[in-house]
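Chemist: First, the structure itself, so that you have it in front of you.
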Amino acid sequence: MISTIFNSDMAIALGYMLALGVVLAALLVIANRFLFVFQDPRIDEVESALPHTNCGACGEAGCRIFAEKLIVGDVQPGQCTVNSHDNSKAIADCGQREVHGLWRLRRDLPETAF
């Protein structure tokens, strides 16, 4: 009974599918090596320190985009108004930048914090 279900035509088809899978996997490995895009590891550090609210209060579409632009230097850590001042200092340490920007607009911090 098994010989009627599994015949030589099916074995040939399975062999072709296995060979095709191996060839395509090899092509993916090669493509991964040549098309790899390096991302600065500081972006992940900054993103992990952000509140992950994706609120857009900083003017960016989300926290990941804010972290990428912070590392490049297009935005300042103080533009994330959802963070506390201490958290913005930690973000600035990850990105190695000084904290300034919109903190003067926040009313919950004393004037001596600037």
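Chemist: Looking at region 40-56, I want the residues that are on the phi > 0 side of the Ramachandran plot and have a partner that is of a type outside the set (Phe, Trp, Tyr) with Cβ atoms under 7 Å, at least 6 apart or on another chain. Which pairs are those?
Modeler: His52/Cys63; Asn54/Gly62; Asn54/Cys63
Chemist: Another question, if that's okay. Does Gly78 count as surrounded by fewer than 19 Cβ atoms within 10 Å (Cβ to Cβ) and of a type in the set (Gly, Ala, Ser)?
Modeler: When the stated conditions are applied, Gly78 does not pass them.
Chemist: Do you know which residues across region 57-70 are free of Cβ contacts under 8 Å to residues at least 24 places away in the same chain, in a loop (DSSP other than H, G, I, E, B) and of a type in the set (A, V, I, L, M)?
Modeler: Answer for region 57-70, where residues must be free of Cβ contacts under 8 Å to residues at least 24 places away in the same chain, in a loop (DSSP other than H, G, I, E, B) and of a type in the set (A, V, I, L, M): just Ala61.
Chemist: Condition test on Val99, is it part of a loop (DSSP other than H, G, I, E, B) and either open to solvent by less than 60 Å² (accessible area, probe 1.4 Å) or modelled with pLDDT under 80 (or both)?
Modeler: The answer is yes for Val99.
Chemist: Does region 72-88 hold any residues that are outside any loop (DSSP other than H, G, I, E, B) and in contact (Cβ under 8 Å) with a residue 12 or more places away in the chain, and which are they?
Modeler: Residues satisfying the conditions are Pro77, Gly78, Gln79, His85, Asn87, Ser88.
Chemist: So, of the residues in region 30-65 that are farther than 15 Å from Ile91 by Cβ and of a type in the set (A, V, I, L, M), which turns out to be least open to solvent (accessible area, probe 1.4 Å)?
Modeler: Going through the qualifying residues, I end up with Ala31.
The values are calculated or read from the model by the stated rules, or taken from the named source; none is laboratory data. Quantities reported herein were computed from a predicted structural model and do not represent experimental measurements. As a convention, Cβ positions derive from the backbone with ideal geometry for all residues, glycine included, and neighbour counts pool all protein chains shown. Remember, those area values only see protein heavy atoms, side chains included, never the ligands or the DNA or RNA. Shrake-Rupley method; radii C 1.70, N 1.55, O 1.52, S 1.80 Å.
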